[in-house]
Amino acid sequence: MEEIMAKFDILEDLKWRGAINQQTDEEGLKKYLAEHDDLALYCGTDPTGDSLHIGHLIPFMILKRFQLAGYHPVIIIGGGTGSIGDPSGRKTERVLQSDEQVHHNEVALTNQMKKLFGTENFQIVNNRDWLGKMSLLEFLRDYGKLFQINNMLAKDVVASRLENGISFTEFTYQILQGIDFYILNRDYGVQMQIGGSDQWGNITSGIDLIHRLEGNDRPAFGLTIPLMLKADGTKFGKSAGGAVWLDPEKTSPYEFYQFWINQDDRDVVKYLKYFTFLSHEEIEALAEKVKTEPWKREAQKTLAAEVTKFVHGEAGLKEAQMITDALFSGNVKELSVKQIEQALKNAPSAESTTEKKNLVEFLVDTKIESSKRQAREDVQNGAIYVNGDKIQDLEFEVDPSASFEGKYVIIRKGKRKYTLVTIK
């Protein structure tokens, strides 16, 4: 999975992947990378929820690439800033969370990051550790004095909110994030911040603060990633069921895998560049197959496998592929109850009782068939499968207790039309 990239070409690699939107000092960063081996860079996330979704994952993929190239990634879990709320990308004020909820989210996100980045050459910090200890007077005297209101008003994140209103709390967010970069630069040796395109104003605020306090020669760089849009112009990261989460309890590995495998041919190469660690040559070969053999969907299968393995590990990938193969082949007998619940979460559903029933009656009672005549016809024609078995016997009795712990009966009509019948 992991391609170890030479340090000198990391920026060229990012350009090839289309992963750079803006840089504060491209030539300065190139020079620093050429002369130093110790670049440390950070990306932050506020604990507004207890899981990241795939939209959040984009800047962290860039951070991971730097880690693989031998640089030192630092992640801020924003316990301090998260208690305030980032106004970026929002038209209204955030609802403030309780300290208990913020702490719960901090723990959950920290565990997710450890899973993605491992323990080698990687560090997690919490900005509550310095922001939480700062008094109001320290904030105003040491930092507030260095920020000009006219410059703060000109930042896109603030300017876009002036018409509808923005609280002083959210207005000061860019100062807090600037303090984060300064503290990391001063105490942790971090020279670079990366983030989404909506973070440009916050990033430049931090660089300005560093240069004011430490001098203009102090190395401090910023890089943002482009806003990712799908080929149809809609925002990347949503499925029919909503956000695609990294937490397997919110989005199962099977659902996660299916999201990626169902990507449009027009988008799949871009996603291979962003979300996998495959080499340029491997991606270009898959891009060619999209053009010449699109029906094989090799690019989508590779994308789904690579990203699922990165987020959910080898075990999560194997389970996702097993469920996918079982549904495609119709051989669902070997699936566990939990796997069935993953696989058929969004399938048509029905309910039935624990009593044995004639198959024709069962199909009509659960409204899988509209009439007994239609049910008999489909059974005799071999279109009905019960728990993976083709049934053509009109006298067949459905025994709900016979499989899946007595909780479910799976009916397939035709090649792919599944109905999950829950036994009450």
Scan (1) touching an Asp or Glu at 6+ places or on another chain (Cβ under 9 Å); (2) at pLDDT 95 or above for the single condition residue 1 breaks and write down its number. (2)
Options 147, 117, 139, 171: the member that is open to solvent by less than 70 Å² (accessible area, probe 1.4 Å) and in contact with a Pro (Cβ under 7 Å, 6 or more places away or on another chain): 117
For the stretch 152-209, give me every one of the helices (runs of 4 or more DSSP H) that falls completely inside it and has 1 or more residues that are farther than 18 Å from residue 84 by Cβ. 156-159, 173-188
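Return the residues of the stretch 153-167 that are under 13 Å from residue 200 (Cα atoms) and in contact (Cβ under 8 Å) with a residue 24 or more places away in the chain; say none if nothing qualifies. Lay out the reasoning, then the answer.
Filtering the stretch 153-167 down to residues under 13 Å from residue 200 (Cα atoms) leaves 154-158.
Matches in the stretch 153-167: 155, 156, 157, 158.
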Can you pull out every residue in the stretch 252-270 that is buried (at least 17 other Cβ atoms within 10 Å of the Cβ) and over 22 Å from residue 344 (Cα atoms)? 267, 268, 269, 270
Which members of the stretch 410-424 meet the condition of being part of a strand (DSSP E or B), open to solvent by 30 Å² or more (accessible area, probe 1.4 Å) and closer than 16 Å to residue 369 by Cα? 413, 417
Just one of 174, 199 is assigned by the TED database to the domain that holds residue 125 and closer than 17 Å to residue 56 by Cα; which is it? 199
Which numbered condition residue 247 misses (of (1) among the acidic types (Asp, Glu); (2) closer than 27 Å to residue 343 by Cβ; (3) part of a helix (DSSP H, G or I)): (3)
Would you confirm whether any residue within the stretch 333-351 is surrounded by 19 or more Cβ atoms within 10 Å (Cβ to Cβ) and small (Gly, Ala, Ser)? yes
Keeping to the stretch 287-304, report how many residues are open to solvent by 20 Å² or more (accessible area, probe 1.4 Å) and among the aliphatic types (A, V, I, L, M). 2
Can you tell me which residue is most open to solvent (accessible area, probe 1.4 Å) among those in the stretch 398-409 that are out of contact with any helix residue (DSSP H, G or I) (no Cβ under 7 Å at 6 or more places or on another chain) and either part of a strand (DSSP E or B) or under 20 Å from residue 326 (Cβ atoms) (or both)? 402
Failed item, numbered, when residue 249 is tested on (1) exposed (fewer than 15 other Cβ atoms within 10 Å of the Cβ); (2) under 15 Å from the mean Cα position of the chain (by Cα); (3) more than 20 Å from residue 113 (Cα to Cα): (3)
Take the conditions buried (at least 19 other Cβ atoms within 10 Å of the Cβ), among the acidic types (Asp, Glu) and either closer than 16 Å to residue 248 by Cβ or at pLDDT below 95 (or both) and apply them to residue 319. Does it pass? yes
Answer residue from the stretch 217-235, given it is over 30 Å from residue 189 (Cα atoms) and out of contact with any Asp or Glu (no Cβ under 8 Å at 6 or more places or on another chain) and is least open to solvent (accessible area, probe 1.4 Å) among those: 228
Being at pLDDT below 90 and open to solvent by 40 Å² or more (accessible area, probe 1.4 Å) narrows 86, 50, 38, 25 down to just 38
Among the helices (runs of 4 or more DSSP H) lying completely within the stretch 259-360, list those that include at least 1 residues that are polar (S, T, N, Q) and more than 25 Å from residue 375 (Cα to Cα). 280-292, 298-329, 337-343
Checking residue 273 against (1) open to solvent by 30 Å² or more (accessible area, probe 1.4 Å); (2) more than 16 Å from the chain's Cα centre (by Cα); (3) modelled with pLDDT of 95 or more; (4) not hydrophobic (A, V, I, L, M, F, W, C), which single condition isn't satisfied? (2)
Which of the residues belonging to the stretch 34-55 are free of Cβ contacts under 8 Å to residues at least 24 places away in the same chain and not in a loop (DSSP other than H, G, I, E, B)? 35
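The values are calculated or read from the model by the stated rules, or taken from the named source; none is laboratory data. What you are looking at is a predicted structure, and each value in this text was computed from that prediction instead of being measured. So basically every Cβ, Gly included, is an ideal-geometry build from the backbone, and we count neighbours across all protein chains shown. Accessible surface areas use protein heavy atoms only, side chains included; no ligands, DNA or RNA. Shrake-Rupley method; radii C 1.70, N 1.55, O 1.52, S 1.80 Å.
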